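Here's the structure we're looking at; comments come further down.
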Amino acid sequence: MNTQNTPVHITLWHKGFWLLSFANLFVTMSVYALVPTMPSWLMQYEHFSSFYTGVSMGAFAFGLYFFGCFCSFLVQHYRRNKVCVFSILLMAVLISVIFYLHDNHITMVDVWAIIFQRFLLGAVFGLAKMVLSSTLIVDTSESFQRTEANHSTSWFARFAFSLGPLMGILTNYYFGFGGVLVSSVAFCLLAVIFICMVDFPFRAPEDNVSVFSLDRFFLTHGFPLFVNILMISTAVGLIMSVELEYTFYGMVMVGFFLALMSERFVFVNAELKSEVVTGLILIGAALLLMITRHALIVNYAAPTMIGMGMGIVGARFLLFFIKLSRHCQRGTSQSTYILGWESGIALGVGIGYSLFNGMSDSVLPVSLALTIVSLMVYILFTHRWFLNNKNR
């Protein structure tokens, strides 16, 4: 059978690795805290229509790709940790711009100014994540531990999917949207502090590095995997465009822990296809419950199933990208996975607001349909294609 069991090495979890993992968590939380709170601010405070609110939120997805082709050049010509730190500091500045508008009661801001701000935020977030995941974490791990390192740190970013919105909703309830923005900036600064506490060995830059390159940016021969994960994460992003309670994201976190346990005890020797199929069935079943049932138990069961499905599918696709990469392409595979996952969620949120006004009666059936299509694409094409093209 085609199975995958990621080993656990205690020596991997040294101080530097912990610091980078939490930096990954905090920088991702700073962005996800805005997902459930910023749309209502745009519509109620800045008087944006639902269409332009969706466009503003979706612009983040396109910004993620802006600096990608420069990533290899930047980390070769400048200290790679400084590139990451500078990107995160720019994130803090861009979030502070929204705080300035909110704190000074500046309303009726030009819609294109907000769209541009969201695009730039996506651009610097994408660069920070690519450098952090594809370079810094890889460089601080032994060669035989790097798959485990990538797998483990990706879980910290996955936790941010629940912890970020949970923090945003609770902070918005007690301190208002200004408190959410302050918290997001604080998370960026914490990430910077943690990265600065890690010692990175000097590495001489390579000669004749092209300014534009797909290295550390996009794995072209992994495009079918990229499309499939983009479809799945877009379906998840659509769910996030619905106004959800803090309990939803709390139960998603429970689902993540169940996914972690299932990786170790349920799927440890299972056939490779079973994880993605199971994860997508869980997400689809949760959406069916949300559409057809309104019992109290659904408010707890459905998000738990979504979290478990996301955890299983996300972890598996990450390992698919690693196995698909050729020599010296590990970093590129990480960036491609991040782009597919993060841009899909941002697109889903944007589409949910711009086309469906965040109405659950419209959004959830579309998300369910996209989940079913993603499952069919995986079963009928992607899995077989991966087996025929993997390199590890």
Please report, largest first and rounded to whole Å, the three semi-axes of the ellipsoid equivalent to the range 329-390, where each semi-axis is the square root of five times an eigenvalue of the C-alpha gyration tensor. 28, 18, 5
Calc'd 3J(HN,Hα), the range 350-366, phi into Karplus 6.51 cos²θ - 1.76 cosθ + 1.60 (θ = phi - 60°), Hz, glycine/Pro = x, comes to x, 5, x, 7, 6, 9, 10, 6, x, 7, 4, 4, 9, 6, 5, x, 5
Excluding L387 itself, what net charge comes from residues whose Cβ is under 11 Å from its Cβ, given Lys and Arg +1 and Asp and Glu -1? +4
Per residue accessible area of the chain, 1.4 Å probe, in Å²: 41 Å²
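State the dimensionless ratio Rg/Rh of the chain (Rg: radius of gyration of Cα atoms; Rh: Kirkwood radius).
Values: Rg = 19.9 Å, Rh = 21.0 Å.
Rounded to two decimals, Rg/Rh equals 0.95.
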If you place +1 on the Cβ of every Lys and Arg and -1 on the Cβ of every Asp and Glu, how big does the dipole about the Cα centre of the chain come out, in debye to the nearest 20? 900 debye
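Test of understanding: what is the full-extension gain from Q44 to M108, defined as 0.36 nm times their sequence separation minus their Cα-Cα distance? Present the calculation step by step, with values, prior to reporting the outcome.
Details: separation 64, 0.36 × 64 = 23.04 nm, distance 1.06 nm.
Additional length available on full extension: 22.0 nm.
By per-residue mean of other Cβ atoms within 10 Å, what is the highest-first order of 114-125, 209-220, 186-197, 232-243?
Working: 114-125: 21.9, 209-220: 17.2, 186-197: 19.7, 232-243: 25.5.
Output ranking for 114-125, 209-220, 186-197, 232-243: 232-243, 114-125, 186-197, 209-220.
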Can you give the extra length, in nm with one decimal, that the chain gains between H221 and F202 once fully stretched, where that is 0.36 nm per residue apart less the Cα-Cα distance? 3.7 nm
Consider all pairwise Cα distances in the range 109-176 and report the whole-number % of them above 19 Å. 58 percent
I want to check a number: in the chain, how many lysine pairs have alpha carbons closer than 29 Å, given a sequence separation of 8 or more or different chains? 10
I'm checking a number: the convex hull volume of the Cα atoms of the range 253-392, normalised per residue, in Å³. What is it? 117 Å³
Spelling out what I want: for every residue of the range 52-69, take phi, set θ = phi - 60°, compute 6.51 cos²θ - 1.76 cosθ + 1.60 (Karplus), and round to whole Hz; glycine and proline get x. 6, 5, x, 4, 5, 5, x, 4, 4, 4, 6, x, 4, 8, 4, 8, x, 6
Carbon/sulfur fraction of accessible area - the chain, other protein chains in place, 1.4 Å, %: 67 percent
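If r is the Cβ-Cβ distance from L260 to V93 and R0 is 51 Å, what FRET efficiency results, to the nearest 0.05?
It comes out at approximately 0.90.
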I want the local charge near Y353. Using Cβ-Cβ distances under 13 Å, sum +1 for each Lys or Arg and -1 for each Asp or Glu among the other residues. 0
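May I ask for the Rg/Rh ratio of the range 43-178, computed from Cα atoms with Rh as the Kirkwood radius, given to two decimals? Let's see the in-between values first.
Details: Rg = 17.3 Å, Rh = 16.8 Å.
That ratio is 1.03, to two decimals.
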FRET E, pair D361, R79, Förster distance 56 Å, beta-carbon r, rounded to 0.05: 0.65
Which whole-Hz couplings ³J(HN,Hα) result when phi for each residue of the range 80-87 is put into the Karplus expression 6.51 cos²θ - 1.76 cosθ + 1.60, θ = phi - 60°, listed in order with x for Gly and Pro? 4, 5, 6, 4, 5, 4, 4, 5
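The values are calculated or read from the model by the stated rules, or taken from the named source; none is laboratory data. Computed from a predicted model, the values in this text were never measured in an experiment. Every residue, glycine as well, gets a Cβ built from its backbone with ideal geometry; the counts of neighbours run over all protein chains shown. Calculation scope for accessible area: heavy atoms of the full protein, side chains included, ligands and nucleic acids excluded. Shrake-Rupley method; radii C 1.70, N 1.55, O 1.52, S 1.80 Å.
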